[in-house]
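Down below is the structure, laid out as structure tokens.
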Amino acid sequence: MERKKITIDGNEAAAKVAFKLSEVIAIYPITPSSPMGEHSDAWSADGKKNIWGTIPSVTEMQSEGGASGAVHGSLQAGALTTTFTASQGLLLMIPNMHKIAGELTPAVFHVSARSLAAQALSIFGDHTDVMQVRPTGFALIASGSVQEVHDIAAITHKATLESRIPFLHFFDGFRTSHEVQKIEELTEDDLKQLIDNSFVHAHRGRALNPDKPVLRGSSQNPDVYFQGRETVNKYYDATPEIVQNAMNKFAEITGRQYKLFDYYGAPDAKRIVVLMGSGAETVKETVEYLTERMEEKVGTVVVRLYRPFSVKHLLDAFPKTVESIAVLDRTKEPGAHGEPLYLDVMTAFAEAMSSKEKPFENMPKIVGGRYGLSSKEFTPAMIKSVFDNLKKEEPKNHFTVGIKDDVTFTSLDFDPSFIIEDPEATKCMFYGLGSDGTVGANKNSIKIIGEQTPNYAQGYFVYDSKKSGSTTVSHLRFGKKPIRSTYLLQEADFVGCHLFVLLEKFDVLEKIKEGGTFLLNSPYDTDEVWDKLPKKVQRQIIEKKLDFYVVDAYEVAKNTGMGARINTVMQTCFFAISGVLPKDEAIARIKDTIQKTYGSKGEAIVKKNFAAVDQTLEHLKKIEYGSEVTSQISLPPVVSDKAPEFVKDVLAQLIAGKGDDVPVSQIPADGTFPTATAKWEKRNVGLEVPVWETDLCIQCNKCVIVCPHAAIRAKVYDKDVLKDAPATFKYMDARGKEDADKAYTLQVAVEDCTGCHLCVEVCPAKDKSEVKRKAINMAEQIPLRVTERENFDFFLDIPEYDRKKLKINTVAGSQFLEPLFEFSGACPGCGETPYVKLVSQLFGDRAVIANATGCSSIYGGNLPTTPWAVNKDGRGPAWNNSLFEDNAEFGLGMRLAIDRDTEFAKELLHDLRDEVGAELADAIINASQKSEVEIEDQRGRVAELKAKLEGMNSDKAKELLSLIEYLVIRSVWIMGGDGWAYDIGFGGLDHVLASGKNVNILVLDTEVYSNTGGQQSKATGLAAVAKFAAAGRPSPKKDLGMMAVQYGNVYVAQIAMGANDAHTLKAILEAEAYDGPSLIIAYSHCIAHGYDMRYGMEHQKLAVDSAYWPLYRYNPDNTKLGKNPFKLDSKQAKIKLEDYIYTETRYKMLTKMHPERAKELLIKAQKEVEKKWNVYSQLAKMDFSSVKDEETE
Amino acid sequence: MDLTTKYLGLELKNPVVVSASPLSQNVADVKKLEDAGAAAIVAYSLFEEQITHESGELDHFLSHHAESYAEATSYFPEPETFVTGPYEYLDHIANLKKAVGIPVIGSLNGVSAGGWVDYAKSIQDAGADALELNIYYVATDPDLTSKEVEDMYIETIEAVKKNLNIPVAVKLGPFFTAFANFAKRVDNAGADGLVLFNRFYQPDFDLEKLEVVPHLELSGNWEMRLPLRWLSILHGNVKADLAATSGIHTGTDVIKIMMAGGKVAMMASELLKNGTDRVSGVITEIKEWMEEKEYESIQQMQGSMSQKSCAEPASFERANYMKTLQSYRA
């Protein structure tokens, strides 16, 4: 039977096999492995079956630790079990991996290998995670391409059953997990032929079974533990042959033969590179080029089975002619003599060559090197430099390749002009905006070409690290030969630029070949587009003699009801002019794909896409151009000249996409970066921005408090300042007695605004003669850019309101506080950042922040720039992200250190009391620091003390000087999302709450794992659809707040800014003031909820109005006064739950998937809301007078 | 006493029909209406615009932020199939047909030419005994003439009639310049019934928020005057069966509609307010009145007070009260 050709990515390739060969799947989301779990969950929800005819059960756990525990249990109870993970997730599985291996239990973990968080987190691919599990006893097996992932997955499931050794099957995160390739799909029959059911039955036979009871997991003593460890040797000894046999059986079935160590290259090669993973594909490609075109004697040994490491099979793989070997590791082991694979190969050769039977005439020279960390590009040019290094008499050892190491000089130089792209393949690059559908369209194009023509196809997609205005670059290759280039395009036949302004941000035509085709989405007419191009682009078009086409895709999309989705339009243009397929055939296939892709969502969607295809060709125009550059448009500098040196020298290169060129010397050694750098990255992503109308504004500052990006700000100031104001700078008389004679300005940072509309939606001031006109209205950004840039600069220089005089307990007053969190990369309209920003305004100048991994750590800490900022005194939040699972503990540690060192400083000051002056010392030691005035006074006293100490020479004085800053009160904030607080970090959070320590915990509750793409957490609402809850969540949201309330000494508040901003402010102020642990659960609307984010605050209100999200505060201080600590701050339901939830796709979609289940769950969810309200209202009515704290009377 | 009537070729046990409304959303409720004596039910409307909108919404929000960010290339699970389009409605019609013995009349509000015909056929295929076209168009474009608007209605009716085997009624709003003429055109286009009149959501103002809010009140009894007038005027002038809806709350209201020339009287607000059992109350009121006045059958009274049959035909033509001497005839 002919097997189907499919175009899928590596994650799907692994999941397809794992699902078919498993009964139980325990999962937890982590990039880049999450899609494997998502596919499995969706297939299970759709009723798909494994090869034995039963539907695998898929269960999301609270962490990878939990997932591995569940896997262990499931294996012990007899089910064929798998899981998927990566990076830190794999590390959390290590304890169970030792157990699973120790008990000789067949299992497969599929891992999309990823960097570990060290000096920084990285989501991208390398083998650092996998290398951490070498001692667990798991077999480790690597795949290097999507087809290999699919094949080796199957081989692995077979081998584990037969060997009883659990396997970790890994492939490179992103490069393979997310690369789309045309592959041959294994059939169910293939898998059935491969798996010997007797081993399945044997596995079940070993299960814990009360009918044949046994005990495992005993505790052994010095007498036998050692021997017990040695019992497994024979199983490991047998495994390599079992795997090779499985590979041989697989070859019988499919014709694709794998070996434990595969050799490619000249049979008489002298120089050989050893490596594993996706890099091997490019090495193979390069070896082929070097041997065929340059007649070099080179080859490569590709490692597949890395553990158990079979020295025999390794040595057998090498040609006897080998003289020098470079072993490449995609990992870094600081302090080690070499990286793991290098040490393994070196040891293997050393052992063999020191034995009696020397397998080679001479010991080859063996060197080790590192490459490709965190998906660093690994190109033929780099590989050539590795081979060239081996030619040397003394090849560089412990080298790096792919970077410039100008500190310890490990790096090999390489010649980037060594390009070996297949000239017969078609190579296409597309620059798009995240939200315009470019990547989706390209994936469809790959499907069309890959599945409907004999051509091979490959797609890889590069996303930027911002969540707002993000750009994507798609790299597509099509050709008659299999594509093994596991690196970005180095030259392109076709470049599509799907957004005109990207010409200013990227060197879009850098890679295009001479005579290539350039397609531009242009809003300009054909006769004016040429002059709108920047000079550099014109020059490139002329010099490279490009065929230049334009289309106004937005116009076509608008005319056909597609909105801003230009995917279909641009895809049609691509097929029309690229010549990849005959035009008519291509159009027919596009339409066929549209029918398949959108058919289930309704005929109307199909029709409008068809209309877009049909109208596109009329709008596609070829532009004729002359031989002269006529443009007057130069590209703007990446950052302002006023930026600090580090920003100009280093960060600007990252912003410009030239980070690969930054040498080691320019990167901070310990991961420490300056804050307040986001303001230099003017992203100009908002097509429309708010404009202030002074005649209508009531100075409520609601627009300021909701702005997710701190791009709209208010100041009250002396009118003298205005004498230097730019001509278009707006102001009005400030309101309020205290500010009489002062001016008020609401200023927009138009270059930092993302155009989300939240501010306009919350603005309560409407024109009495034309109600649609508000005190702020959106207007096109470009015409405002220059004047408002000048106005914002002027605004920033206006002195801030004196914090000591501000009424920070009112919404309007609090918003005169300078935001110390600004211009983050969060999504437009983000529901989390308004809370984060508010905390930064209130306490940022004395805050230390522990941030859980997730959205907030990404928009808060992802390079190139950081939104955490500083005030004019240089003070601002000090921030760190430890891990996902430990954030509460991380923050508690900060509190412990601050408390300890504050106390120590006070002790020292007490000892130095007479020397520095008793009055000053006592004032500092006894300062309560409960208000801005008191804190500022303390800062003054500490400055005075510092001056005195600097004039003293005693050890104690020096000691105190090193601790002096602790004497000003610090505010510890522990922030993160619901995935952290409700799930993976709950154990730690619970412990920290119980500690009684003064920490403030802010849970940004989006009710899903937002950062990894919307997987359910225990915060997900009943009846909501989420990934891993594809059939709608059947159980209610965990009531985290009430759990914390049970402690009695924890301040707890549930807030929703969109429903009541004053309540939000009050709760945050009370939480910080409370001398003990505080927990704030903040409703955060999110793109994963599925509605237009401009209405985010309105949705918050609906959540409260339906009583789904009651607002409350539980303040233990009230108990001491004999008052009820629990105050319910919102009213009982004004609307039914359905009037809230069915305004959101996450709930509504269930009615379109499983209408009957949706009805059932809605009833259940409504009852749950009523039940919870009943409990809360009873609690709010309770009498606490009898528990009054006597001491406070 | 004979309460039967014939509407759209359907033999009905009495003239009380439940009009298109949320009353038909649950099969159980419809069963109760049947048990209470309703002679037929018009199902709530299938809105093409809503289907298109919901499809668009689903597609937009499932894909809007997808493929933008490396860690989250999507934000929702994508099942292989969605129950979009008219399927939920069509299943409901089929379920209603299975559950009750009384005729079930589908109701459709289309937008596109293709949509009207395709969805009409689907409703027919789902088992509906007849179809009510719920046509309304708010002609806000100052350049669009009444003729153009009327032509659009007629084209729609003709297209649907051409493609359907089951009877087709047309539910209209009252806002036509020459309603009698337009009704005749509808009649000539092949409509088997005319349902007068459609009630629309009318915008209201929220003075706190200074926002326009959609609003629909349950009908008041006074609203029956409008259909009463036009049924009276049209009776005998059109071949199509006449039905009244809007403001019918009591048995005597039903009787008035019959006397004006209606074949059926449709109710919703009264039943939404007082429950499905109210149907039996209304029927009892009809019976009691007929008994008291010694009427033998409903058909006997149908059209008895229409413009053609009544003593004061001019009453239906007056727009303002005019004092006249009884004896004077111009």
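The values are calculated or read from the model by the stated rules, or taken from the named source; none is laboratory data. Keep in mind that this is a model prediction, so the values were computed, not measured. Here Cβ is always computed from backbone atoms with ideal geometry, including for glycine, and neighbour counts include all displayed protein chains.
Could you please give the count of residues in the range B:186-213 that are crowded, with 17+ Cβ neighbours inside 10 Å and outside any loop (DSSP other than H, G, I, E, B)?
Here is the first cut: in the range B:186-213, the ones crowded, with 17+ Cβ neighbours inside 10 Å are B:186-187, B:189-199.
Within this subset, residues satisfying the condition of being outside any loop (DSSP other than H, G, I, E, B) are B:186-187, B:193-196.
Residues that pass the stated criteria total 6.
Against the conditions (1) assigned to a loop (DSSP other than H, G, I, E, B); (2) among the polar types (S, T, N, Q); (3) free of Cβ contacts under 8 Å to residues at least 60 places away in the same chain, where does B:Ser306 fall short? Just the number, please.
Going through the list (1) assigned to a loop (DSSP other than H, G, I, E, B); (2) among the polar types (S, T, N, Q); (3) free of Cβ contacts under 8 Å to residues at least 60 places away in the same chain, B:Ser306 breaks only (3).
What are the residues in the range B:214-255 that are surrounded by fewer than 20 Cβ atoms within 10 Å (Cβ to Cβ), within 16 Å of B:Leu172 (Cβ to Cβ) and among the acidic types (Asp, Glu), if any?
B:Glu223
Does B:Gly85 qualify as being within 14 Å of another protein chain (Cβ to nearest Cβ) and part of a helix (DSSP H, G or I)? Spell out the reasoning first.
Numbers: within 14 Å of another protein chain (Cβ to nearest Cβ): yes; part of a helix (DSSP H, G or I): no.
For B:Gly85, the condition - within 14 Å of another protein chain (Cβ to nearest Cβ) and part of a helix (DSSP H, G or I) - is not met.
Evaluate the range B:252-273: report whether one residue or more is more than 27 Å from B:Gln25 (Cβ to Cβ) and in contact with an Asp or Glu (Cβ under 7 Å, 6 or more places away or on another chain). Lay out the reasoning, then the answer.
Taking the range B:252-273 and keeping what is more than 27 Å from B:Gln25 (Cβ to Cβ), we get B:252, B:255-256, B:258-261.
Restricting the remaining residues to those that are in contact with an Asp or Glu (Cβ under 7 Å, 6 or more places away or on another chain) gives B:252.
Yes; the residues of the range B:252-273 include at least one that is more than 27 Å from B:Gln25 (Cβ to Cβ) and in contact with an Asp or Glu (Cβ under 7 Å, 6 or more places away or on another chain).
Out of A:Ile969, A:Ile935, A:Ile974, report the one residue that is touching a Lys or Arg at 6+ places or on another chain (Cβ under 8 Å) and either outside any helix (DSSP H, G or I) or within 30 Å of A:Met61 (Cα to Cα) (or both). Even if it seems obvious, please write down each step before you answer.
Numbers: A:Ile935 fails: either outside any helix (DSSP H, G or I) or within 30 Å of A:Met61 (Cα to Cα) (or both); A:Ile974 fails: touching a Lys or Arg at 6+ places or on another chain (Cβ under 8 Å).
Among A:Ile969, A:Ile935, A:Ile974, only A:Ile969 is touching a Lys or Arg at 6+ places or on another chain (Cβ under 8 Å) and either outside any helix (DSSP H, G or I) or within 30 Å of A:Met61 (Cα to Cα) (or both).
With the structure loaded, tell me whether A:Pro423 is over 27 Å from the mean Cα position of the chain (by Cα), part of a loop (DSSP other than H, G, I, E, B) and free of Cβ contacts under 8 Å to residues at least 12 places away in the same chain or whether it fails that test.
Values: over 27 Å from the mean Cα position of the chain (by Cα): yes; part of a loop (DSSP other than H, G, I, E, B): yes; free of Cβ contacts under 8 Å to residues at least 12 places away in the same chain: yes.
Yes, satisfied.
Condition (residue is buried (at least 24 other Cβ atoms within 10 Å of the Cβ), modelled with pLDDT of 95 or more, within 29 Å of A:Gly736 (Cα to Cα) and in contact with a strand residue (DSSP E or B) (Cβ under 8 Å, 6 or more places away or on another chain)) applied to the range A:844-864: is it met by at least one residue?
yes
What number of residues within the range A:969-998 are hydrophobic (A, V, I, L, M, F, W, C) and either within 14 Å of chain B (Cβ to nearest Cβ) or surrounded by fewer than 24 Cβ atoms within 10 Å (Cβ to Cβ) (or both)? Break it down stepwise before answering.
So in the range A:969-998, the residues hydrophobic (A, V, I, L, M, F, W, C) come out as A:969, A:972-975, A:980-981, A:984, A:986, A:989, A:992-994.
With either within 14 Å of chain B (Cβ to nearest Cβ) or surrounded by fewer than 24 Cβ atoms within 10 Å (Cβ to Cβ) (or both) added as a condition, the list becomes A:969, A:986, A:994.
Residues in the range A:969-998 being hydrophobic (A, V, I, L, M, F, W, C) and either within 14 Å of chain B (Cβ to nearest Cβ) or surrounded by fewer than 24 Cβ atoms within 10 Å (Cβ to Cβ) (or both): 3 in total.
So in the range A:596-620, with the set limited to residues that are facing another protein chain (nearest Cβ under 8 Å) and among the aliphatic types (A, V, I, L, M), which one is farthest from A:Thr517 (Cα to Cα)?
Among residues in the range A:596-620 that are facing another protein chain (nearest Cβ under 8 Å) and among the aliphatic types (A, V, I, L, M), the one farthest from A:Thr517 (Cα to Cα) is A:Ala604.
Pick from the range A:1116-1143 the residues that are within 30 Å of the chain's Cα centre (by Cα) and either modelled with pLDDT under 95 or surrounded by 21 or more Cβ atoms within 10 Å (Cβ to Cβ) (or both): which of them is farthest from the other protein chains (Cβ to nearest Cβ)?
Filtering the range A:1116-1143 for residues within 30 Å of the chain's Cα centre (by Cα) gives A:1140-1143.
Now narrow it down to the ones that are either modelled with pLDDT under 95 or surrounded by 21 or more Cβ atoms within 10 Å (Cβ to Cβ) (or both): A:1140-1141.
Details: A:Tyr1140: 16, A:Ile1141: 14 Å.
Per the stated criteria, the residue is A:Tyr1140.
Yes or no, residue by residue, for (1) within 14 Å of chain B (Cβ to nearest Cβ); (2) outside any loop (DSSP other than H, G, I, E, B):
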residue: A:Val462; (1), (2): yes, yes
residue: A:Lys466; (1), (2): yes, no
residue: A:Gly469; (1), (2): yes, no
residue: A:Thr472; (1), (2): yes, yes
residue: A:Arg484; (1), (2): no, no
residue: A:Gln490; (1), (2): no, no
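What residue, of B:Ala178, B:Ala189, is within 30 Å of B:Ser304 (Cβ to Cβ) and either more than 20 Å from the chain's Cα centre (by Cα) or within 14 Å of chain A (Cβ to nearest Cβ) (or both)?
None of the others qualify; the one that does is B:Ala178.
Among A:Val1104, A:Val1169, which is the only one that is away from chain B (no Cβ under 14 Å), crowded, with 17+ Cβ neighbours inside 10 Å and within 30 Å of A:Asn777 (Cα to Cα)? Spell out how you get there, then give the answer.
Details: A:Val1169 fails: within 30 Å of A:Asn777 (Cα to Cα).
That would be A:Val1104, the only listed residue that is away from chain B (no Cβ under 14 Å), crowded, with 17+ Cβ neighbours inside 10 Å and within 30 Å of A:Asn777 (Cα to Cα).
Can you tell me which residues in the range A:683-712 are among the basic types (Lys, Arg) and under 22 Å from the mean Cα position of the chain (by Cα)? Let's see the steps before the verdict.
Initially, the range A:683-712 is screened for residues among the basic types (Lys, Arg), giving A:683, A:702.
Answer for the range A:683-712, where residues must be among the basic types (Lys, Arg) and under 22 Å from the mean Cα position of the chain (by Cα): just A:Arg683.
On the basis of being more than 9 Å from chain A (Cβ to nearest Cβ), of a type outside the set (Gly, Ala, Ser), surrounded by 22 or more Cβ atoms within 10 Å (Cβ to Cβ) and touching a residue at least 24 places away in the same chain (Cβ under 8 Å), does B:Ile51 make the cut? Spell out how you get there, then give the answer.
Numbers: more than 9 Å from chain A (Cβ to nearest Cβ): no; of a type outside the set (Gly, Ala, Ser): yes; surrounded by 22 or more Cβ atoms within 10 Å (Cβ to Cβ): yes; touching a residue at least 24 places away in the same chain (Cβ under 8 Å): yes.
For B:Ile51, the condition - more than 9 Å from chain A (Cβ to nearest Cβ), of a type outside the set (Gly, Ala, Ser), surrounded by 22 or more Cβ atoms within 10 Å (Cβ to Cβ) and touching a residue at least 24 places away in the same chain (Cβ under 8 Å) - is not met.
Just to verify a result, which residue in the range B:88-101, among those that are surrounded by fewer than 22 Cβ atoms within 10 Å (Cβ to Cβ) and not small (Gly, Ala, Ser), is nearest to the other protein chains (Cβ to nearest Cβ)? Let's see the steps before the verdict.
The initial filter retains those residues of the range B:88-101 that are surrounded by fewer than 22 Cβ atoms within 10 Å (Cβ to Cβ), namely B:88, B:90-91, B:94-95, B:97-101.
Restricting the remaining residues to those that are not small (Gly, Ala, Ser) gives B:88, B:90-91, B:95, B:97-98, B:100.
On the way: B:Glu88: 6, B:Leu90: 13, B:Asp91: 9, B:Asn95: 12, B:Lys97: 18, B:Lys98: 16, B:Val100: 20 Å.
Among them, the one singled out is B:Glu88.
If the Cβ limit is 6 Å and pairs must be 6+ apart or interchain, which residue in the range A:229-247 that is small (Gly, Ala, Ser) pairs with which residue that is not in a helix (DSSP H, G or I)?
none
Considering only the range A:426-448, state which residues are among the β-branched types (Val, Ile, Thr) and without any contact (Cβ under 8 Å) to a residue 40 or more places away in the chain. Please lay out each step first, then the result.
Here is the first cut: in the range A:426-448, the ones among the β-branched types (Val, Ile, Thr) are A:426, A:438-439, A:446, A:448.
Scanning the range A:426-448 gives a single hit, A:Val439.
Exactly one condition in (1) touching a Pro at 6+ places or on another chain (Cβ under 6 Å); (2) over 18 Å from A:Glu761 (Cβ atoms); (3) basic (Lys, Arg) is false for A:Lys837; which is it?
Of everything listed in (1) touching a Pro at 6+ places or on another chain (Cβ under 6 Å); (2) over 18 Å from A:Glu761 (Cβ atoms); (3) basic (Lys, Arg), A:Lys837 misses just condition (2).
Out of all the residues in the range A:430-460, which are assigned to a strand (DSSP E or B), surrounded by 24 or more Cβ atoms within 10 Å (Cβ to Cβ) and more than 13 Å from chain B (Cβ to nearest Cβ)?
Of everything in the range A:430-460, those that are assigned to a strand (DSSP E or B), surrounded by 24 or more Cβ atoms within 10 Å (Cβ to Cβ) and more than 13 Å from chain B (Cβ to nearest Cβ) turn out to be A:Ala457, A:Gln458.
Can you spot a residue in the range B:144-165 that is free of Cβ contacts under 8 Å to residues at least 12 places away in the same chain and among the aliphatic types (A, V, I, L, M)?
yes
So which of A:Ala326, A:Ala352, A:Ala348 ends up being assigned to a strand (DSSP E or B) and either touching a helix residue (DSSP H, G or I) at 6+ places or on another chain (Cβ under 6 Å) or more than 26 Å from A:Asn11 (Cα to Cα) (or both)? It would help to see each step written out before you state the result.
Working: A:Ala352 fails: assigned to a strand (DSSP E or B); A:Ala348 fails: assigned to a strand (DSSP E or B).
Only one candidate passes the filter, namely A:Ala326.
Do any helices (runs of 4 or more DSSP H) entirely within the range A:552-624 hold 3 or more residues that are under 30 Å from A:His1154 (Cβ atoms) and modelled with pLDDT of 90 or more, and if so, which? Don't jump to the end; show me each part of the working.
Numbers: elements: A:553-559, A:567-578, A:583-598, A:603-619.
Output list reads A:583-598, A:603-619.
Name the strands (runs of 3 or more DSSP E) wholly inside the range B:1-42 in which the number of residues that are out of contact with any Leu (no Cβ under 8 Å at 6 or more places or on another chain) is 3 or more. Give the derivation first.
Working: elements: B:5-7, B:10-12, B:16-18.
Ranges flagged: B:10-12.
When you look at A:Arg565, is it touching a residue at least 12 places away in the same chain (Cβ under 8 Å) and either within 14 Å of chain B (Cβ to nearest Cβ) or touching a Pro at 6+ places or on another chain (Cβ under 8 Å) (or both), yes or no?
Details: touching a residue at least 12 places away in the same chain (Cβ under 8 Å): yes; either within 14 Å of chain B (Cβ to nearest Cβ) or touching a Pro at 6+ places or on another chain (Cβ under 8 Å) (or both): yes.
Yes; evaluated as a whole, the condition is true for this residue.
For the range A:461-515, give me the residue count where each residue is buried (at least 21 other Cβ atoms within 10 Å of the Cβ), modelled with pLDDT under 95 and of a type in the set (Asp, Glu).
Selection size over the range A:461-515: 0.
Return yes or no: is A:Ala553 closer than 30 Å to A:Gln632 by Cα, within 14 Å of another protein chain (Cβ to nearest Cβ), within 36 Å of the chain's Cα centre (by Cα) and not aromatic (Phe, Trp, Tyr)? Don't jump to the end; show me each part of the working.
Values: closer than 30 Å to A:Gln632 by Cα: yes; within 14 Å of another protein chain (Cβ to nearest Cβ): no; within 36 Å of the chain's Cα centre (by Cα): yes; not aromatic (Phe, Trp, Tyr): yes.
No.
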